[in-house]
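Report on the structure given below.
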Amino acid sequence: MKCKLYITTSSIASLMAFAVLAEARPVSYQGGWTLIEESDWQTTSGLVHYTLDPKISLGARVELDHENDTAFYGGQATYLVKRWFGKDHQANLYAFTGAGIIEETGSGQNGSDEAAFIGAMADWETRRWFVSYGIRGFDGGDIDKSFMQMGRVGVAPYVANTNALHTWLMLQVHHRPDNAEPLSVTPLVRFFKGAALVEAGYNINTESPLLNFTYRF
Amino acid sequence: MKYFITFIFAAAFTITAFAEDVTPAMLANRPELTKAVAAGGEPIAVDVLGAVCDFCAMAMKKTMGKHDAVAVAYVDLDTKVLSVVTKPGAELDDATIKKLIKKAGYKVAAINRSPKTGIK
């Protein structure tokens with residue numbers, strides 16, 4: 001990939017990775033659309049994806065980095081490598097990749113560059129417990145080559161039936177070796193009803209909120 | 001502030017982790033299913049694997065609902081049963097049901113064409 005050297009920060013990739021790895025069910029049913037909005041202490045992102053096949057989704061992603069004044073526009077493909085079924089559980093292994101353009105959005109800045117990422121995500125879930133793990137590498141050419149991983153554990157205080165309000169308490173941990181503070185912890189609450197999922201949390205390291213929203217149609 | 005939030009969250013997490021399941025009372029029979037059966041549709045109860053959330057239920061309901069032979073479909077997460085009622089006179093064979101569930105991303109464990117309670 002041909003890359004131009006306009007970007008002045010090496011943290012962009014990891015910020016995009018946070019959003020990618022937090023997505024719930026990144027592949028839907030065949031013919032289904034999913035809209036995902038995620039905001040944390042530094043980025044606001046939007047992803048809309050369409051599921052071509054029970055194993056493949058394709059989407060368009062936009063991410064705004066408020067701290068570094070950059071924007072990412074690109075595409076993402078997610079592949080469901082394997083789904084394990086049980087009467088009371090489900091587990092998934094996903095692989096994903098994406099590519100796009102990063103633009104500087106700050107005053108007086110107009111640089112842009114190409115970027116690509118690749119990663120994997122796994123989860124195991126019952127109606128009571130939830131565990132997930134994701135890993136991602138980013139290649140921003142000569143500007144940045146980064147790595148991050150993220151894990152989540154969750155528990156549902158009560159088990160709700162179809163179309164009732166589902167509530168989850170979760171703990172999310174990011175690991176970014178490049179950051180001054182590599183580990184970042186975010187307790188959060190997930191509310192889930194029908195086609196809509198909302199998550200609200202508070203990052204105890206940066207003392208800032210997290211707000212995620214997913215809608216499937 | 002952050003210590004307070006961490007403490008509250010940890011306490012809530014610990015307490016709820018060991019709590020008993022509390023399942024809200026749900027309708028034994030869905031009105032839309034009852035109506036479809038009364039209209040002459042065939043009720044089919046499908047045991048499905050991997051139904052753990054509303055996205056799972058929605059995926060199966062939408063995929064089944066698009067089929068011409070299906071009048072109504074409903075997934076009960078408590079019982080892990082997909083209830084399907086066909087349109088009057090329409091046929092829906094097992095192979096088609098399995099294929100549709102696979103398109104939704106899930107798997108059939110068993111298909112019962114004579115559910116004891118008629119519905120659910």
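Quick note: the coordinates plus some simple rules give every number you see, no bench work behind them. Computed from a predicted model, the values in this text were never measured in an experiment. All Cβ positions, even for glycine, are placed from backbone atoms using ideal geometry, and neighbour counts span all protein chains on display.
Using the number of other C-beta atoms within 10 angstrom as an exposure proxy, rank A:Glu104, A:Glu181, A:Glu63 with the fewest first.
Lowest to highest Cβ neighbour count: A:Glu181, A:Glu104, A:Glu63.
Within the stretch B:62-77, what residues put their amide N at less than 11 Å from the label point 7 Å along the Cα-to-Cβ vector of B:Ala39?
B:70-73
Taking the Cα centre of the stretch B:33-93 as the origin, how large is its charge dipole in debye, to the nearest 20, when only Lys and Arg (+1) and Asp and Glu (-1) carry charge on their Cβ atoms?
It comes to approximately 220 debye.
Calculate the FRET efficiency for B:Lys66 and A:Trp124 from the Cβ-Cβ distance with a Förster distance of 22 Å, rounded to the nearest 0.05.
Taking R0 as 22 Å, the efficiency between B:Lys66 and A:Trp124 is 0.15.
Would you please state which residues of the stretch A:187-216 a label at A:Asp88 would reach in this model, taking the label point 7 Å out along Cα→Cβ and a backbone N cut-off of under 18 Å?
none
For chain A, please report how many Lys pairs fall under 23 Å Cα to Cα, leaving out neighbours fewer than 8 apart on the same chain.
Lysine pairs meeting the criterion: 5.
Could you state the angle between the C-alpha long axis of helix A:12-22 and the longest principal axis of the C-alpha atoms of chain A, as a value from 0 to 90 degrees rounded to the nearest 10?
10
Normalised by the number of residues in the stretch A:50-159, what is the relative contact order in percent for Cα pairs under 8 Å and 6+ residues apart?
This gives 17 percent for the stretch A:50-159.
May I ask for the distance between the Cα centers of the stretch B:71-95 and the stretch A:91-115, given as a whole number of Å?
43
Taking the Cβ of each residue in A:Glu199, A:Glu37 as the centre, tally the other Cβ atoms inside 10 Å and list the residues starting with the fewest.
Result, fewest neighbours first: A:Glu37, A:Glu199.
Would you please state the base-10 log of I(q)/I(0) at q = 0.12, 0.19 1/Å for the stretch A:24-181, with intensities from the Debye formula using one equal scatterer on every alpha carbon?
Results for the stretch A:24-181 at q = 0.12, 0.19 Å⁻¹ read -0.61, -1.41.
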